[in-house]
Every structure is written in structure tokens, then in C-alpha cells.
Amino acid sequence: MLTVAAISNNPLNARRLHQSLVGRPLWVRDATWSRFLHRSWEPGSVVDRYLEWSDTVEAKSLPDDVLLLAATALTWFFTSSNRFIRDRATKALVRIMQGRFPVLMVVLDIFRGVNDPFVTERLICAAYGCALLTSDPTAIAALARKLNVEYLSGSNRSRHILVRDYAEGIVARAKALSPGLRLRTTRTHWANSRLRPPTQQRLAASYEQNRDYWAIWHSVMAEDDFDRYVIEPAVRQFTGYRLDEAIRHSRHQSQEPSPVAIQPLLKELTSTEVTANLRAVAQHQRTITWPPPPDPKER
């Protein structure tokens, strides 16, 4: 089915795949489809080829019906607990849906109420990515209103904190581009709050000479290998665009914004903020395990 998923006149395309998967109980779908994705995750497999196609196809040339089929099949990749499949599928979905908000709205409707929080989480995450990479205030405002009603308001308020965070991020982007937009979310209550991280001197007093933390302190704070090869490359990829700033594309890079050098960003931060941010990145990196769990049933 994946081989013909995006062919509109094929009876086994993504529409048929969706009909087959959407009605299954979560545990049944995990035991069949999710297990298939995990076991097929290798170079040259049908899963790898579909992700490669999604990541390289000229999406702007795809008709809406073909794009909808491609996005539907790609969204079902989110059921896998293999984070490499999920991450690659998320990036591919952002890429093909960038600037195609009418189709994105339909995809959101198709998967509204799906019985797998993995799917909802990554779909809203992909929508957030599309919102950040687009500067059309009308389209983003329409997306924000939709998600505000379906995931942030009243009885529809999602219990999934990441879903709410992504949706609120889209609302924040919409309000930055359209200051007159009136949408109130949980994030609004904290808009004027500012975290006060500990100073570098205070951190040094607590951890620099502490044997339990000595190794990580020097890896993170003393320009050791972890700082050079893990933290610095991760931080380097952040862009310097504000929420209300249009994304500028270079002549040679039409799809994604060019990363900015990290040093100008660091100059705008206090040493306290830099210290806290670097330690936060280090803490995140330490939580990543390898290899990923072999059994896709583990959630």
C-alpha cells in the first residue's frame, strides 16, 4: 500500500490504508501496523523509500488530492514508538505541507479524534512547524482558531501537554503576525512571567567541586568534548527569527531558513541565561538512550 499510497486513482492508496487503520483498537494496530513499520525500518525498505520520497519530492508541484494522500499515509507513521521513524516522518510532513494550509486543515479533520495520542501529538507538532515556516497571517490565524477550538477550549481541551504546547505555539505565532487576533490560552497567563535561573557562580559553588557532578560540570562548562560536539552543534541550529518576523529565504535555500551563527544570539542573552540554557540542553542530551527500544509495543 505504501508503494501506491499517493496515487489518486489506485484502489489501494492512502485512503484505503486510512480506512483499514483508523477503526482498529490501538493495541491491534500496534501489533500489526506499528510492528510492521519498526521491523521494516532499514535502508531500501518500503518504509525508508516512502520517507525518502516525502523528503525529496517537489511538493509545490503536487495536486491537492495527491498531497492529501501522501500526508495521510505519512501521518500514520506516527503510531510507531521508534523515535527515528517518528522524527523523520514529522520533518517530512512539515516539508510537504509547508504553505499548503487548506490541505493541512483537511488532514487535521481526518485525524481528529484518532485513538492514538502519538498520532495527535506529532500531527499538531508538524502543524506548528508549518506555522513557524510560513509568514501568511491569514492562513496561520485560521489554523490557530481551529486548534484553539479543537484542542485548547472548554471540554475539548487536550489532556496531552505537548499537544497543548504545540497548539498554543501556533496561537502565539498567529497573534504575533496579527496583533488584533483575540485568542486566549493558558500560555497567555504566563506571558509576563520570567524565569530566574541561578547564576554561574551559584552553580559553580554547588557542583564544580562536587565529586558526584565533577565530570558533567567540566563536560558542559569547561569546553570539553560534550560541550564541543553535543551542545554547540545543537544550539547552533536555532534561528534568530522572532515570532512576528517573516522568514527570509536565501536564493539557494527556498524551503528552510538559514541557521544563524550562535555568537550573535549569545550576545543578546545574559551569562546567567546562557548558563541555564546550556545546562538544560545537556540534561536533555543525557536522557537520550541508544539503541531505541526494539519492541514497538513499549509505550
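The values are calculated or read from the model by the stated rules, or taken from the named source; none is laboratory data. Here the structure is a predicted model, which is why all the values come from computation and not from measurement. Neighbour counts run over all protein chains shown; Cβ positions are idealised from the backbone, glycine included.
Things to note:
- Hits in the stretch 2-38 (condition: assigned to a loop (DSSP other than H, G, I, E, B) and surrounded by fewer than 15 Cβ atoms within 10 Å (Cβ to Cβ)): 7, 8, 9, 11, 12, 23, 25
- Close Cβ contacts (under 8 Å, 6 or more residues apart or on different chains) running from residues in the stretch 147-159 that are of a type in the set (Phe, Trp, Tyr) to residues that are surrounded by 13 or more Cβ atoms within 10 Å (Cβ to Cβ) comprise 151/124; 151/157; 151/158; 151/163; 151/164; 151/167.
For (1) modelled with pLDDT of 95 or more; (2) crowded, with 20+ Cβ neighbours inside 10 Å; (3) in contact with a Lys or Arg (Cβ under 8 Å, 6 or more places away or on another chain), each residue gets a yes or a no:
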{"position": "58", "(1), (2), (3)": "no, no, no"}
{"position": "78", "(1), (2), (3)": "yes, yes, yes"}
{"position": "87", "(1), (2), (3)": "no, no, no"}
{"position": "99", "(1), (2), (3)": "no, no, yes"}
{"position": "106", "(1), (2), (3)": "yes, no, no"}
{"position": "113", "(1), (2), (3)": "no, no, no"}
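- Residues of the stretch 191-227 that turn out to be modelled with pLDDT of 80 or more and basic (Lys, Arg), as a count: 1
- Any hit, the stretch 110-118, residues being farther than 19 Å from residue 20 by Cα and either out of contact with any Phe, Trp or Tyr (no Cβ under 6 Å at 6 or more places or on another chain) or of a type outside the set (Lys, Arg) (or both): no
- Options 41, 53: the member that is in contact with a helix residue (DSSP H, G or I) (Cβ under 7 Å, 6 or more places away or on another chain), at pLDDT below 95, surrounded by 15 or more Cβ atoms within 10 Å (Cβ to Cβ) and of a type in the set (Phe, Trp, Tyr): 41
- Residue 72 meets all of the listed conditions (1) touching a Pro at 6+ places or on another chain (Cβ under 8 Å); (2) among the hydroxyl-bearing types (Ser, Thr, Tyr); (3) part of a helix (DSSP H, G or I) but one, namely (1).
- Pairs where the first residue, in the stretch 219-231, is within 15 Å of residue 207 (Cβ to Cβ) and the second is in a loop (DSSP other than H, G, I, E, B) and not polar (S, T, N, Q), C-beta under 8 Å, 6+ apart: 221/208
- Filtered residues of the stretch 75-106 (kept if within 16 Å of the chain's Cα centre (by Cα) and more than 20 Å from residue 52 (Cα to Cα)): 104
- Flag if residue 113 is without any contact (Cβ under 8 Å) to a residue 12 or more places away in the chain, in the same structural domain as residue 85 (by TED's automatic domain parsing) and not charged (D, E, K, R): yes
- Of residues in the stretch 43-60 being among the hydrophobic types (A, V, I, L, M, F, W, C) and part of a helix (DSSP H, G or I), the one nearest to the chain's Cα centre (by Cα): 51
- Contact map, the stretch 199-215: residues that are in a helix (DSSP H, G or I) paired with residues that are of a type in the set (Phe, Trp, Tyr), Cβ distance under 6 Å, separation 6+ or inter-chain. Pairs shown: 207/213; 207/217.
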